[in-house]
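Remarks on the structure that follows.
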Amino acid sequence: MYSTSNSDNINKMQQEAMARVKEMQAKAKEYISQAPTSSNLENFQEDLVPRAEIPSDNKNVKELKTKKNENNNLLNSLFEDKEKSLILTLIFILLSEQDENNLVISLILIYLLL
């Protein structure tokens, strides 16, 4: 009698675990579908540089190009390192859950980024 109850509990726990796995996979797919694509990223990078009228001298042109390159380097550096990108993704997912335990884990992950 006891073993049947115990195996029922184990089966129930396995089913709950599978449900949680499916839920996390669904959330991951949703997050990935909302992640910026390379074309969206390029548009975003272009929008970072303020739109200005065509400068009349070469100095202003060079300044605008260096500002754009600095912005591109910043965003590219975030996405070049796959490990940092994965950690950032985990942080965003955990922070969206709004749980105290997730906050602690997020802080630990932020420490790993440093």
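Brief remarks on what is shown
- From the list ILE10, ILE105, ILE87, the one residue that fits, being modelled with pLDDT of 70 or more, of a type in the set (A, V, I, L, M), out of contact with any Leu (no Cβ under 9 Å at 6 or more places or on another chain) and assigned to a helix (DSSP H, G or I), is ILE10.
- For the range 90-101, filtered to residues that are assigned to a helix (DSSP H, G or I) and over 15 Å from the mean Cα position of the chain (by Cα), the residue that is surrounded by the most Cβ atoms within 10 Å (Cβ to Cβ) is ASN101.
- Lone unmet requirement of (1) in a helix (DSSP H, G or I); (2) over 24 Å from LEU113 (Cα atoms); (3) at pLDDT below 65 for ARG51: (1)
The values are calculated or read from the model by the stated rules, or taken from the named source; none is laboratory data. Values in this document were obtained by computation on a predicted structure and should not be read as measured data. Neighbour counts run over all protein chains shown; Cβ positions are idealised from the backbone, glycine included.
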